[in-house]
Amino acid sequence: MKRLCLLRHAKAVTGDLDGDDFHRGLNERGERAAEFMGEYIFKSPYRPDAVLCSTATRAMQTFAPLAERLPPDAKIIYRDELYHAMPDVMLADARTLAPSGATTLLMVGHNPGLVLLAMALADDPESEIALRVAHGVPTGGFIVLEFPVDAWKNIGHGKGRTVFFGRPRDLMAKS
């Protein structure tokens with residue numbers, strides 16, 4: 001089995017920063033959410049052994065609290081190509097860049113590509129979890145899909161079961 005986790009970057013500062021969207025960092029709320037989600041994911045059954053992360057500032061800042069907790073042998077790849085990537089790019093990266101021995105891959109990125117990827121991969125689009133994802137993934141949102149395959153190259157459209165979807169504010173309220 002392979003498990004693909006998708007984490008949307010946390011809440012970023014507003015404004016165009018002179019049109020430089022790529023370098024927008026997290027705001028105070030985003031920093032709190034990133035710290036919480038890093039701890040939450042680390043303690044969850046969905047802790048990644050490999051990560052593909054967008055190089056946009058807000059994505060790297062979202063991942064940083066989790067990165068600090070991962071063991072030194074966790075494979076972490078930062079990719080410019082994941083900045084506002086569409087599902088085909090994200091799927092190709094997961095299939096080709098995830099280490100073969102990795103069971104759980106985390107991708108840290110952006111909407112709309114992230115939610116479109118989750119919807120395309122789901123074999124259960126009418127399930128309660130998949131429908132919640134389809135209605136929108138807020139900043140800091142976390143989605144988990146499981147695939148009954150042995151190799152990353154075999155994950156694909158309609159082959160994954162959506163097993164978890166959490167929003168920072170909901171998860172924080174439960175803790």
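The values are calculated or read from the model by the stated rules, or taken from the named source; none is laboratory data. For clarity, every value in this text was computed on a predicted model and none was experimentally measured. Methodologically, a virtual Cβ is constructed for each residue, glycine included, from the backbone with ideal geometry; neighbour enumeration extends over all protein chains shown.
Quick one: count up the residues across the stretch 143-175 that are surrounded by fewer than 16 Cβ atoms within 10 Å (Cβ to Cβ) and over 19 Å from L105 (Cβ atoms).
Going through the stretch 143-175 one residue at a time, the tally reaches 6.
Can you tell me which residue within the stretch 125-145, out of those that are more than 12 Å from V163 (Cβ to Cβ) and free of Cβ contacts under 8 Å to residues at least 60 places away in the same chain, is farthest from the chain's Cα centre (by Cα)?
The qualifying residue farthest from the chain's Cα centre (by Cα) is E126.
Just checking, which of E39, E28 is under 20 Å from T139 (Cβ atoms) and in contact with a helix residue (DSSP H, G or I) (Cβ under 9 Å, 6 or more places away or on another chain)?
Unique residue meeting the criteria: E39.
Please specify each residue of the stretch 50-63 satisfying the condition of being part of a helix (DSSP H, G or I) and surrounded by fewer than 16 Cβ atoms within 10 Å (Cβ to Cβ).
none
Of the residues that sit in the stretch 66-75 and are closer than 24 Å to E31 by Cα and either among the charged types (D, E, K, R) or out of contact with any Phe, Trp or Tyr (no Cβ under 8 Å at 6 or more places or on another chain) (or both), which one is surrounded by the fewest Cβ atoms within 10 Å (Cβ to Cβ)?
Step by step, filter the stretch 66-75, then rank; the result is P72.
May I ask you to list the residues in the stretch 81-111 that are under 19 Å from L26 (Cβ atoms) and either part of a helix (DSSP H, G or I) or charged (D, E, K, R) (or both)?
Passing the criteria: only L82.
Quick check on the stretch 99-142: of everything there that is surrounded by 20 or more Cβ atoms within 10 Å (Cβ to Cβ) and out of contact with any strand residue (DSSP E or B) (no Cβ under 7 Å at 6 or more places or on another chain), which residue is nearest to M37 (Cα to Cα)?
V115
Quick one: A59 ticks every box in (1) aliphatic (A, V, I, L, M); (2) in contact with a His (Cβ under 8 Å, 6 or more places away or on another chain); (3) more than 19 Å from P168 (Cα to Cα) except a single one, so which number is it?
Exception for A59: condition (3).
Being touching a Pro at 6+ places or on another chain (Cβ under 8 Å) and either assigned to a loop (DSSP other than H, G, I, E, B) or free of Cβ contacts under 8 Å to residues at least 24 places away in the same chain (or both) is the requirement here; does A10 meet it?
yes
Out of (1) modelled with pLDDT of 95 or more; (2) under 26 Å from K43 (Cβ atoms), the odd one out for E128 is which?
It fails just one condition, (1).
Only one of R47, R29, R69 is part of a helix (DSSP H, G or I), at pLDDT 95 or above and among the basic types (K, R). Can you tell me which?
Selected residue: R29, the only one of R47, R29, R69 that is part of a helix (DSSP H, G or I), at pLDDT 95 or above and among the basic types (K, R).
Would you call G15 over 20 Å from A98 (Cα atoms) and in a loop (DSSP other than H, G, I, E, B)?
Here the answer is yes, as G15 does meet what is asked.
Have a look at I77, I41 and point out the one that is in contact with a strand residue (DSSP E or B) (Cβ under 8 Å, 6 or more places away or on another chain), over 16 Å from L171 (Cα atoms) and of a type in the set (V, I, T).
Only one candidate qualifies: I77.
Would you please name the residue that is farthest from the chain's Cα centre (by Cα), looking only at residues in the stretch 94-124 that are of a type in the set (S, T, N, Q) and within 19 Å of F42 (Cα to Cα)?
T103
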